[in-house]
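The values are calculated or read from the model by the stated rules, or taken from the named source; none is laboratory data. All figures in this text were calculated on a predicted structure; none of them were measured in a lab. Cβ: placed from backbone, ideal geometry, glycine included. Neighbour counts: every protein chain shown.
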Amino acid sequence: MQMLRSRRVIDTALRIEHAVGRVEPALWAADIVCGAVVQARTGNRDYLDVLGAAVEVHTI
């Protein structure tokens, strides 16, 4: 952030707060989706199927 501030890419008013992953629900969602995609790639689509249309996978 300091580098971006020094280059004036971001404003000095922008602040960042770190949170422990296990207590941050927003990180849980990403972990769940990643786990479901990994399971689907290894042959178990059950979890990804539960998420349904909420997940769109783009393979590059």
- With (1) surrounded by 10 or more Cβ atoms within 10 Å (Cβ to Cβ); (2) modelled with pLDDT under 85; (3) over 24 Å from T59 (Cβ atoms) as the list, and R22 as the residue in question, which single condition is left unmet? (1)
- Item | Failed item in (1) surrounded by 10 or more Cβ atoms within 10 Å (Cβ to Cβ); (2) at pLDDT below 95, with A36 passing the rest | (2)
- Note on the structure: If we keep only residues of region 39-60 that are of a type outside the set (S, T, Y) and outside any helix (DSSP H, G or I), then the residue surrounded by the most Cβ atoms within 10 Å (Cβ to Cβ) is V55
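Please count how many residues of region 1-27 are assigned to a helix (DSSP H, G or I) and among the small types (G, A, S). Steps first, answer last, please.
Taking region 1-27 first, the residues assigned to a helix (DSSP H, G or I) are 2-6, 21-23, 25-27.
Keeping just the survivors that are among the small types (G, A, S) gives 6, 21, 26.
Of the residues in that region, 3 qualify.
Looking at A30, A36 in this structure, which one is aliphatic (A, V, I, L, M), within 28 Å of M1 (Cα to Cα) and in a helix (DSSP H, G or I)? Walk me through it before giving the result.
Details: A36 fails: within 28 Å of M1 (Cα to Cα).
Within the list A30, A36, the selection yields A30.
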